[in-house]
Structures are given as C-alpha cells and as structure tokens.
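The values are calculated or read from the model by the stated rules, or taken from the named source; none is laboratory data. These figures come from a predicted structure and were not determined experimentally. Methodologically, a virtual Cβ is constructed for each residue, glycine included, from the backbone with ideal geometry; neighbour enumeration extends over all protein chains shown.
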Amino acid sequence: MEQREKVYDLIGVGVGPFNLSLAALSEPLEDVEALFFEKQPAFEWHPGMLIEGTKMQVPFLADLVTMADPTNPYSFLNYINKNGRMYPFYFLQRLDIPRREYNDYCQWAAEQLTSCVFGKEVVGLTLEEEKSLYVVEVRDVGTQEIRTYFAENLVLGTGSVPVMPASFRKVEGGGVFHTSEFLSHYDDCRNAESITVVGSGQSAAETFRELLKEQRSGGYRLDWITRSAGFESMEESKLSLEHFSPDYVDYFYQLPQKQKDDIFAGQGLYYKGISNHTINDIYNLLYEHSVGRETLNVGLKVLSEINGVERNESGGYTLEGRHIQKDETFSHDSEVIIAATGYQPYVPDFVTELTDLLVWDDEGRYKVTEDYRLVQQKPNSNHIYVHSGISHTHGVGSTNLGLSVHRNKVIINHLTKRNVYPLNETNVFQTFDV
C-alpha cells in the first residue's frame, strides 16, 4: 500500500522531564521533526508530592536545556524572566528551587512546545521492515479514537510507577496508600487518630516531616518504620556528586554487567538516602516538640521489616513486623498507613510487541548501547532511544535530572549524524578509569 501519511524523524512515548528536554532541544533543529505523546491531560511531575517547602535536589541549572544551550528560550531563567520574577529570584539567592516551581516551569515549557501532545496514549508499536518505519498506534484518551503515525525512530520516556509491596496490596485503598498519593489524602491524615509511614527514603522523610509539623495540633499518633539500620542521609559531598557526571556514566558503562549490578547495589545513598536539610528539619521539629518535658506521641523504628498488613476490629490496620537483627516479631496498629516504598521503571504493554525485535539480558532487561539505543536483533537504521529502565547499563545517574540534558545531547547528535551539541571529554576533577 502506498504510504501517504507523514513520516516523523522521531516519535516520543511519554512526556516527563527527559522527553520534555529532548523536545525543547530539538525544536530549533530544521532536520528533526518530532512528536511526543503523553496520556495525561497535561504535564504533571509527581503531583502527589508537590508539598510546599520541598525543594529540588539538583540546582536550577539542571533545567530542560541550559546544560546544552543556555540561550535556548526554554531555560529556567527565561521562564523566571517571562513571568516577571527575576528580582524575587535574584534576592532568593538559591541554587535549589521549590519542587512546585520546577513543575510549573515544565508546564510552562510543555504548553509552548507544539511537538508535545497530551491526552494521547501510545497503545501499539511495530516495525514495518519493508519501509523501514515504526508504526505507532495512538489512542485519544477522551474520544478513544485510534490514529496511526509513522516515524523513522522512537524514543521511550515512560518513567516509573509506584511500588506497593505484596503485603500491602490486599488492603490498599482507603487508609493504605503510596506516598505518590500523599497530597490527595492529606486532609484524611490530619483527621486520623494514628498514622504510620513505612520506608526510609526522601519521600518517606518529606511525608513524615509534613505530618510532624501538625502532629501536636492534629493530636494523632505518628510513627515512622524502616527496615534500614537508620534514617540515613544522602551522600551529598561535592566529589561524591561527580558520580552524576558523563565521565562516570562512560566509565560505568564499560564494566561487565555482573560488576555493574554489584556496584549499583552498593550505591543506594547516592540516590536513595534522605537529604541532609530534610533530616535536620525533622530533628529540629522533634527537639522543639520535646521542650518542657512534653511527651512525644511520635515513634521512629529502625531495623524493622513489615511482612503483613491486615484489617483490624477497630477499622484500622495491624502491621505484622520483624526486627531484623533480633529476629523478634511485633505488631503495630495504625488507622492510616503510608507506603514510601519507591518506584520502578514503567514498561508499557506495547513493549511486549517489540520483544522479538530486541535483545534481552539474562535478567530479562533490555540491552542498551552506550548512546542510549535499545539493542535490536537485526541491526537497522531505525533506532529506539530510551530514557527509562537503564540503571543496569548506565548506572546511578540514570534518573538524575542533572544528566538528562547530556543524554539528550547524545541522542540528538546520533539522530542527526552531526555534532549539534558538543560533548566535553572531561567534566570532573577526579578520574574513575585507569
């Protein structure tokens, strides 16, 4: 059949910060015609955790474009300027910005980028080998109408989804929910008699801190339980931050896969710990609440894993736990349970349609080239670039916003077969390789 439909150079699946950055960086390029589909009606970045007072863990320079092209109109500073807030930001004198502001900035960019289309869900992907084209089926979320698009290349930016432990799933809903839904349940929390946060990362800490602020006025019992040995702070020293550099990504990629897995397993505090300022805020609140020998109705429990959750007669829940070092069991009752149990890469159903096309490792993970392309069974000129689920190949910085622009520079240079955005050979002071 004769191909009459328009063929795009690149179609993106998902519009999170990584693909939004790619859209902003590719917009000025005459030789790249791209289209990005997102099933949500508008850009939203972790809306359930946009708590007032929380801030980004990377400087504002890690915006959508600045690390590649500070003159790009979608820079954070241009957003500040266009919104008439340059002097307030100047007087703020901070590199970090509120998380709510980062979300608003991304929304500002997404609304202007005509290549980003919201309310459209990609539901099918196939490679038409004879024409060297990807066939992309897209469903309109509102009308349910399905339309077919064609592209020479794809980029997957499908992000991550909340992880709920199996022991929580059978009672999930009502008083048991993930931190990703925290703000939508906030009023219910303030009216509860008891609340328990399970987990020990940044989301757990921010949720606990917010509840601790109002704990005395709300009158609820507040507990924080983690299987970790302590409420450990993130490694934030400047030389440690150099692990989130192109140099370390290049070094890590060259290692054997088994060694990569072993190294990555020991790097949790680079990306899963709690920021120092959050821990300090929590400790300061606990100290303030204890003034005057007041009895704290708060508990922080470490080395304690939760193995089961059941409804109890009072209408709340009973958590069954075990102290890891003493191997002793315990029970804990709570009206509300908040699971701060992390996220995992989201692999859409349509990726299964590409299973025979791709190369997978022994753990069932797709293999990825150094320049962020999925390895295919038959090498061809139609590439699938990928942002999600690449920690096993590219390491600890795979989800770090400070590396998103660098990754998109690599993708654009490969896509256009020219040096659109120069890549520095050395970006850090230390040497990771021999």
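Annotations for the structure displayed:
- Per the listing Thr158, Thr126, Thr148, the residue uniquely at pLDDT 95 or above and of a type in the set (S, T, N, Q) is Thr148.
- Count - residues of region 194-229 that are outside any helix (DSSP H, G or I) and on the phi < 0 side of the Ramachandran plot: 18
- Residue in region 140-147 that is among the hydrophobic types (A, V, I, L, M, F, W, C) and either loosely packed, with under 15 Cβ neighbours inside 10 Å or under 27 Å from the mean Cα position of the chain (by Cα) (or both) present: yes
- Considering only residues in region 252-294 that are under 29 Å from Leu211 (Cβ atoms) and among the aromatic types (Phe, Trp, Tyr), the one that is modelled with the highest pLDDT turns out to be Tyr283.
- Residue match in region 334-348 (condition: farther than 30 Å from Lys39 by Cβ and modelled with pLDDT of 95 or more): yes
- Residue in region 174-187 that is more than 23 Å from the chain's Cα centre (by Cα), part of a loop (DSSP other than H, G, I, E, B), among the small types (Gly, Ala, Ser) and closer than 30 Å to Gly308 by Cβ present: yes
- As a summary of the residue check, Leu154 satisfies the conditions (1) surrounded by 15 or more Cβ atoms within 10 Å (Cβ to Cβ); (2) outside the structural domain of Leu357 (by TED's automatic domain parsing); (3) aliphatic (A, V, I, L, M) except for the one numbered (2).
- The listed residues are Asn81, Asn103, and the only one of them that is touching a residue at least 12 places away in the same chain (Cβ under 8 Å), assigned by TED's automatic domain parsing to the domain that holds Ala62 and polar (S, T, N, Q) turns out to be Asn103.
- Residue that is farthest from Lys131 (Cα to Cα) [pool: residues in region 1-12 that are touching a helix residue (DSSP H, G or I) at 6+ places or on another chain (Cβ under 8 Å) and modelled with pLDDT of 95 or more]: Gly12
- Residues (touching a Lys or Arg at 6+ places or on another chain (Cβ under 9 Å) and either part of a helix (DSSP H, G or I) or not hydrophobic (A, V, I, L, M, F, W, C) (or both)) located in region 413-434: His414, Tyr421, Pro422
- Residue satisfying all of: in region 15-67; in contact with a strand residue (DSSP E or B) (Cβ under 6 Å, 6 or more places away or on another chain), crowded, with 19+ Cβ neighbours inside 10 Å and among the small types (Gly, Ala, Ser); farthest from Val410 (Cα to Cα) among these: Ala34
- Every test in (1) under 29 Å from Ser180 (Cβ atoms); (2) touching a His at 6+ places or on another chain (Cβ under 9 Å) is passed by Ala68 save one, and that test is (1).
- Scanning region 309-361 for residues that are surrounded by 14 or more Cβ atoms within 10 Å (Cβ to Cβ) and at positive phi gives a single hit, Gly342.
- Scope region 1-32; condition in a loop (DSSP other than H, G, I, E, B) and either in contact (Cβ under 8 Å) with a residue 60 or more places away in the chain or in contact with a Ser or Thr (Cβ under 7 Å, 6 or more places away or on another chain) (or both); matching residues: Gln3, Glu5, Lys6, Asp9, Gly14, Val15, Gly16, Glu27, Leu29, Asp31, Val32
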